[in-house]
1. Under 9 Å by Cβ, and 6 or more places apart or on different chains, what pairs join a residue from region 63-81 that is touching a residue at least 60 places away in the same chain (Cβ under 8 Å) with one that is basic (Lys, Arg) and in a helix (DSSP H, G or I)?
2. What are the pairs, 6+ residues apart or on separate chains, where a residue within region 208-233 that is among the hydroxyl-bearing types (Ser, Thr, Tyr) has its Cβ under 9 Å from a residue that is within 10 Å of the ligand (Cβ to nearest atom) and part of a helix (DSSP H, G or I)?
3. Could you grab me the full set of residues in region 14-35 that are within 16 Å of the ligand (Cβ to nearest atom) and open to solvent by 40 Å² or more (accessible area, probe 1.4 Å)?
4. Out of everything in region 46-60 that is within 16 Å of the ligand (Cβ to nearest atom) and assigned to a loop (DSSP other than H, G, I, E, B), what residue ends up being surrounded by the most Cβ atoms within 10 Å (Cβ to Cβ)?
5. Look at region 186-233 and say how many of its residues are over 15 Å from the mean Cα position of the chain (by Cα) and more than 9 Å from the ligand (Cβ to nearest atom).
6. Only one of VAL43, VAL63 is assigned to a helix (DSSP H, G or I) and away from the ligand (no atom under 16 Å from the Cβ); which?
7. Out of VAL94, VAL63, VAL43, VAL11, report the one residue that is farther than 23 Å from ALA225 by Cβ and open to solvent by less than 10 Å² (accessible area, probe 1.4 Å).
8. Answer yes or no as to whether LEU164 is within 16 Å of the ligand (Cβ to nearest atom), under 24 Å from PHE82 (Cα atoms) and touching a Leu at 6+ places or on another chain (Cβ under 7 Å).
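The values are calculated or read from the model by the stated rules, or taken from the named source; none is laboratory data. All values derive from a computational prediction rather than experimental measurement. FYI the Cβ positions are ideal-geometry reconstructions off the backbone, even for glycines, and counts take in every protein chain you see. Note: areas computed on protein heavy atoms with side chains; ligands, DNA, RNA excluded. Shrake-Rupley method; radii C 1.70, N 1.55, O 1.52, S 1.80 Å.
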Amino acid sequence: MSAIALNLQVVRQKIITACAKSGRQTGAVRLLAVSKTRPVADVWAAILAGQSDFGENYVQEGVGKILALRELSPLAEPVWHFIGPLQSNKTRLVAEHFTWVHSIERFKIAERLSAQRPEHLPPLQVCIQVNVSGEASKSGCAPADLPELCRKVAALPRLTLRGLMCIPAPAADFAAQCQPFAALRRMFLDLQGEGLPLDTLSMGMSDDLEAAIHEGATCVRVGTAIFGARKKS
Ligand SMILES: *Cc1c(COP(=O)(O)O)cnc(C)c1O
């Protein structure tokens, strides 16, 4: 068995255990394998180990892998999620090649993605990224601006607004990790209460996925724990 297949088993077991502890069903949490900086061979090894969802942060790199994998494995195409910062001059490639975008933080980007989503594809599935830690340097929509942004994005014809995403600052222990995830969950519940049909809380990475699942994550984005440490660029 490949190292990646073994790591995937360990991560899946962590998800099962975290769900059991919180009284949640295992099927309620989707595992997204974050393959940024990884070669196509690593993605392929994960596909062979049964992994179906992959996250990419950089547009050109991600599209290159999507096309390479389509050649390798036309019948078992994975589901590709764009999770990185997105500039307006790169939206077309994302609209044409990805199924999901987790990192919407401005209306202008959402509008372009909707206009550029090809007719033959289903609507692009999107989450709004929220700056839960409130740090000026961090990306994401400010919590105060979230309700209006959600209402406007939900009205775009070629996007389906599915939920919220966050990347909190690293925290020292489980209780501290839970706080920003709980805050995101409260915003999610408020928006549902306003009538938005949201079903996705994209939160939790290699080091904090248990806390995220405890607070209701429906999608965890895991890179290092599956593929090993990334090289510093
Ligand atoms: C890199 C990245 C991840 C995965 O982080 P790990 O700590 O390697 O699990 C998850 N989400 C986003 C948005 C990322 O950029």
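1. none
2. Listed by first residue and then by second, the contacts come to nothing, as the list is empty.
3. Answer for region 14-35, where residues must be within 16 Å of the ligand (Cβ to nearest atom) and open to solvent by 40 Å² or more (accessible area, probe 1.4 Å): LYS14, ARG30.
4. Restricting to residues being within 16 Å of the ligand (Cβ to nearest atom) and assigned to a loop (DSSP other than H, G, I, E, B), the top hit is GLN51.
5. 20
6. On the way: VAL43 fails: away from the ligand (no atom under 16 Å from the Cβ).
Of VAL43, VAL63, the one residue that is assigned to a helix (DSSP H, G or I) and away from the ligand (no atom under 16 Å from the Cβ) is VAL63.
7. Only one candidate passes the filter, namely VAL94.
8. yes
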